[in-house]
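Here, each number is a calculation from the coordinates, and none is a lab measurement. The shown structure was predicted, so the numbers you read here are calculated from the model rather than taken from an experiment. Backbone-built Cβ (ideal geometry, glycine too); neighbour counts: all protein chains shown.
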Amino acid sequence: MFTHAFVGLAATAAFAPRGGVRLYAVAAIASAAPDLDVLLHGLGIQYEDAWGHRGMTHSLLFAAILAIGLGSLVRGGSSSRAGPGWFVRVALLFPIIASHGALDAFTDGGLGIAFLAPFDHTRYFAPWGPLPVPHFGLASMFTAYGGRVMLLEMLWVWLPAALLAGVMLTTRWRRHRRTG
């Protein structure tokens, strides 16, 4: 959950650094939102069901719908809900939300990700799974296994995301310094 939120923050810093606190908050929350599907388990939805964990809420369609909805609610420096500012917010939020399923596909367990749901419920994995599947629950983070998961997520996700954001921000800062 924290890794997905970090990716949302890093992507916003890299591609919309002046988006405002609201956009940063929405990006962090939206990038973790697909995991809300675990709450459906309490309603009798099973993991392997279309709405089960890593199913519909991890699909590209879900990412698009959520990005469009949130892009309409958040005004990241634009006074208009529609128009160029809206498109930029949606273009930022869609890959941030879709990154959730992409990152989960690099884990070493589970049933895979239903990227194409509801049109195709096949579950997919990346060809390489360097990330162990984290256990649910905050308490699991404070175990030896949870520490290993966090360390590997920092190595394979946090570090590259932070480097990308740093490079983009530095490039933007240098360009701004030269022009004025």
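Results, tabulated for the structure shown:
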{"quantity": "Sequence-distant residues sharing a close amide H with Tyr124 (under 5 Å, placed H)", "calculated": "Ile113, Ala114, Phe115"}
{"quantity": "Whole-Hz couplings from phi, Karplus 6.51/-1.76/1.60, listed for the range 111-122; x for Gly and Pro", "calculated": "9, x, 10, 8, 4, 9, 4, x, 7, 8, 9, 4"}
{"quantity": "For peptides 130-141, 6-17, sequence by mean Cβ density within 10 Å, most packed first", "calculated": "6-17, 130-141"}
{"quantity": "Degrees, to the nearest 10: 159-179 long Cα axis against longest axis of the chain", "calculated": "10 degrees"}
{"quantity": "For the range 2-179: relative contact order, % (alpha-carbon pairs under 8 angstrom, 6 or more apart)", "calculated": "24 percent"}
{"quantity": "C-alpha center-to-center spacing [the range 53-74, the range 134-160] in angstrom", "calculated": "25 Å"}
{"quantity": "Theoretical FRET efficiency, 1/(1+(r/R0)^6), r = Cβ-Cβ of Asp49 and Leu116, R0 22 Å, to 0.05", "calculated": "0.90"}
{"quantity": "Simple label model, 7 Å out from Cα along Cβ direction - Phe2 to Ala162, nm", "calculated": "1.2 nm"}
{"quantity": "Degrees, to the nearest 10: 2-15 long Cα axis against longest axis of the chain", "calculated": "20 degrees"}
